[in-house]
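Peer 1: This is the structure I have questions about; it appears just below.
No lab work stands behind these numbers, since they all come straight from the coordinates. Bear in mind that the values here come from a model prediction, so they are computed numbers and not experimental data. Neighbour counts are summed over all protein chains in view; Cβ atoms, including those assigned to glycine, are modelled from backbone coordinates with ideal geometry.
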Amino acid sequence: MKDYDASRLPPPIIRNKARAIGLTTDPKTLRFVREKRYKESKYANMSTCTEELSQANQIFLQYKIPIIVSDGRSIEETATQVAQLLSLEHLPRL
């Protein structure tokens, strides 16, 4: 596994920063999701969730990446907002 600096984006993402969108949530929601998968783990710990979300938000701000808070939104609503931020008329069909 490669070492990485958690406070920096990898070069390929920096090169394509104009197409990057930061997705985030609140620590309680993230903990709830993680706790379902990894009960009582450090990964699902509230302090880990809070720290990781804070770190992600710092990166988004540092690189001026737009942020979408996905709490309480469907995947379709989030995708629509991403498309609007990227000025896409239609989302590609997968």
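Peer 1: If you take the beta carbon distance between ARG15 and GLU52 as r and set R0 to 25 Å, what does 1/(1 + (r/R0)^6) give as a FRET efficiency, to the nearest 0.05?
Peer 2: Between ARG15 and GLU52 the formula returns 0.55.
Peer 1: Students often get this wrong, so try it: which of [x] 2, 12, 18, 19, 21, 17, 9, 2, 0; [y] 3, 15, 27, 30, 19, 6, 0; [z] 3, 14, 25, 22, 15, 11, 7, 3, 1, 0 is P(r) over Cα pairs in 5 Å bins from 0, in percent as calculated from the structure shown?
Peer 2: Correct label, based on the coordinates given: [x].
Peer 1: To make sure I understand, if each residue's beta carbon is the centre and we count other beta carbons within 10 Å, what order do LYS39, LYS28 fall in, fewest to most?
Peer 2: Going from sparsest to densest Cβ surroundings: LYS39, LYS28.
Peer 1: Another question, if that's okay. How high is the FRET efficiency from TYR43 to ASP71, r the C-beta distance, R0 25 Å, rounded to 0.05? All intermediate terms of the calculation are to be shown ahead of the outcome.
Peer 2: Working: r = 20 Å, r/R0 = 0.79.
So the FRET efficiency works out to roughly 0.80.
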